[in-house]
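What follows draws every value from the coordinates through simple rules; no lab data is involved. All of these numbers come straight from a predicted model, not from anything done at the bench. Note: ideal-geometry Cβ built from the backbone for every residue, glycine included; neighbour counts use all protein chains shown.
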Amino acid sequence: MSDTYREKLMLAIALVLAAIYLFPLYWMYITALKSGSAMFATPPAFWPTDPQWQIYGQVWESRNMGRYIWNSVVIALGAVTVITVLGVGCAYVLARYRNVWVDIGLFLILMLQVLPASLMITPIFVGFSQVGLLEYPRLAVILAIAAKSMPFFVVLVRATFMSVPQELEEAALVDGNSRIGAFFSIVLPLARNGILVSAILIFMQAFGEFVYSKSIIQAIELQPASVGLNSFMGPNTNEWNNIMAYATIYVTPILAIFVLLQRRIVSGLTSGALK
Amino acid sequence: MKRVLSSITDGRGFDIALVALPLAFLLLLSGLPLLYNVLMSFQEVDMFSLGTLWRPFVGFENYRKLFEQPETLPILGNTAIFVTASIAGQFLIGFGLALFFWTNFPGASWLRGLFLVSWVMPGLVVGAIWNWILSGDFGVLNFLLRESGLISGNIFWRSDPNYSLWAVVIANVWLGTSFNMILLSVGLSAIPGDLYEAAELDGANAWQRFWTITLPMMRSSIGALIALGLIFTLQQFDLFAAITSGGPNNSSNVTQYWAWDMSFRQYDFAKGATISVIMIVFVMLASIVYVRSTRHEVRG
């Protein structure tokens, strides 16, 4: 009896902690629904008395958000495609063998993973301008993001491949499968979930990417939503309800995916990131 | 030719092809820019020579000029403060939360995972939200602090040079705490439970158990996490762009923002490259610590 009481108490404390931690998110949703004057009221209302639901449509129209979100999706999908096509095989080989070469490869990949984007953008920008890639700014951003995020993907997917028993693949080889055949019909299907979760994580990162897009894409009609949000926030802005409505439209799909797949994402992340 | 082909479909060549392609891609798009960065930091780069590879070579001139600028040392100091304060905050709060959620109760792991939303959100959105929360006259943080009697007048978080760096630190601690908590939870759950049973039989209290079992057993996780925290905080750019833009008067500027500002606001690509090179050396050192501390697990 005392045990269940204790558990209930712990759950209550945990809910309070989560509420405090997630307050900024709540504040975004609430501010978006406030009218211009309610937003600057003192004391601020912690519950919208007069929710302005039409604000989402207004912001969507006035900021041309459809175009921004579309560009974000194009860039994120492009980056995920490049990363998955190239990264899965790399992760597989690095998981399958254990020798000096694999150690060197892993070390290289971990080192390339840590380079901050805001420091790498200078040489990438100058280099891209010299080879003419800046003519295709979204492609340039996709390539830059792919190079930045692929190491993380490889580390995560490698952990997935490590958990696929090697005996299964060997059995397929004994039964007359070629290496390619065994890879596509045995190993890949078994690792499918892990690859999918890692790809979703990469998608979410690329969907919110800012430094490369801001620096490389000059044409406003090709910019993603993060750059659009940045240009919305001038230094002396007071349109906070509109900005929060923009942010709401931008992040709600990501948050929905995350909450739905939370268990898988967390376990995928923890198995790869520290091991 | 036939042998090469059959090796690719069914042999060593298959593995080599799978690894060589992505590694070549990475070396081309990460390794090469890295070297190019070092080259540019020794060159004179202006808008006219941007298109050529062989520009006038100036030796260490860029480095010398950089350290002659009055803002260089304060910005390096800001970076040190930002990194130390962010890591300390993220780690301590994250560890506290991880210890709390370690005690099993229904819904613990689901609630714990929910915290991670701060980490999957785009950095710019996090920055926008905190920009509004930290706003001087109408920010909700000032309101809460006033109501609880901690401050009497409003703090102008973003425009007061004494607080602007801390505004970004607060946002960054919020952003990174959940990640620290999740990884520390993994470390905690790996500690064998019978150690605690044995200690309890020997009469150790909770405090002694924490210091003699939990902390020593977590040593490698903590080391890896702090190195990882250093890497992540040095990557933090979006929050600066969204909250203070490095201002006012560089009071919240850090090297990773400054390098970008040099290149893309002041079009001084050589200086931008020079700052990048200096910082990348730091990041590389941190990542060597990280790789070493996880090596036995990598080999798993």
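Tabulated values for the structure
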| read-out | value |
| --- | --- |
| Mean ellipticity per residue at 222 nm, deg cm²/dmol - from DSSP H runs of n ≥ 4 across chain A, formula -39500 (n - 2.57) | -24500 deg cm²/dmol |
| Helix axis angle, A:23-32 relative to chain A longest principal axis, alpha carbon, degrees | 50 degrees |
| Gaussian network model of chain A, Cα within-10 Å springs - most flexible of A:VAL85, A:VAL174, A:VAL93 | A:VAL174 |
| A:ILE75, A:ILE186 arranged by Cβ crowding within 10 Å, fewest neighbours leading | A:ILE186, A:ILE75 |
| Efficiency of FRET between B:ARG146 and A:ALA171 - r from beta-carbon atoms, R0 56 angstrom, step 0.05 | 0.20 |
| Hull shadow area, averaged, chain A [alpha-carbon convex hull, nm²] | 21.5 nm² |
| Chain A - percent relative contact order, Cα under 8 Å, separation 6 or more | 32 percent |
| Between segment A:168-235 and segment B:122-156, the alpha-carbon center distance in angstrom | 36 Å |
| Local electrostatic count, A:MET150, Cβ distance below 15 Å [Lys/Arg +1, Asp/Glu -1] | +1 |
| Ranking of B:ARG12, B:ARG158 by count of other Cβ atoms within 10 Å, fewest first | B:ARG12, B:ARG158 |
| Kyte-Doolittle mean at least -1.0 and Cα axial length at least 18 Å: DSSP H helices in chain B | B:12-26, B:72-102, B:164-189, B:219-235, B:269-293 |
| Helix A:2-21 vs. chain A, principal-axis angle (Cα, 0 to 90°, nearest 10) | 70 degrees |
| Hypothetical label at B:LEU21: residues of segment A:73-108 whose amide nitrogen lies under 18 Å (7 Å Cα-Cβ projection) | A:78-96 |
| Cα centroid separation, segment A:4-60 to segment B:231-285 (Å) | 33 Å |
| Cα-projected label distance for A:GLN58 with B:LEU201, points at 7 Å along beta-carbon direction, nm | 7.0 nm |
| FRET E, pair A:THR81, A:VAL131, Förster distance 22 Å, beta-carbon r, rounded to 0.05 | 0.55 |
| Most mobile listed residue (A:TYR250, A:TYR136, A:TYR68) in chain A, GNM with C-alpha springs under 10 Å | A:TYR136 |
| Cα-based Rg and Dmax for the protein assembly as shown, where Dmax is the largest Cα-Cα distance (Å) | 24.9, 82 |
| Mean-position separation - Cα centroids, segment B:4-63 and segment A:89-166, in angstrom | 13 Å |
| Residue with peak Gaussian network fluctuation, chain A [Cα springs, cutoff 10 Å], from A:GLY234, A:GLY194, A:GLY89 | A:GLY234 |
| Shielding of A:38-48 by partner chains, average beta-carbon count, 10 Å | 2 |
| Taking the convex hull of Cα positions in segment A:2-53, its mean projected area over all directions (nm²) | 4.8 nm² |
| Residue exposure sequence - B:SER148, B:SER263, A:SER267 - by fewest surrounding Cβ within 10 Å | B:SER148, A:SER267, B:SER263 |
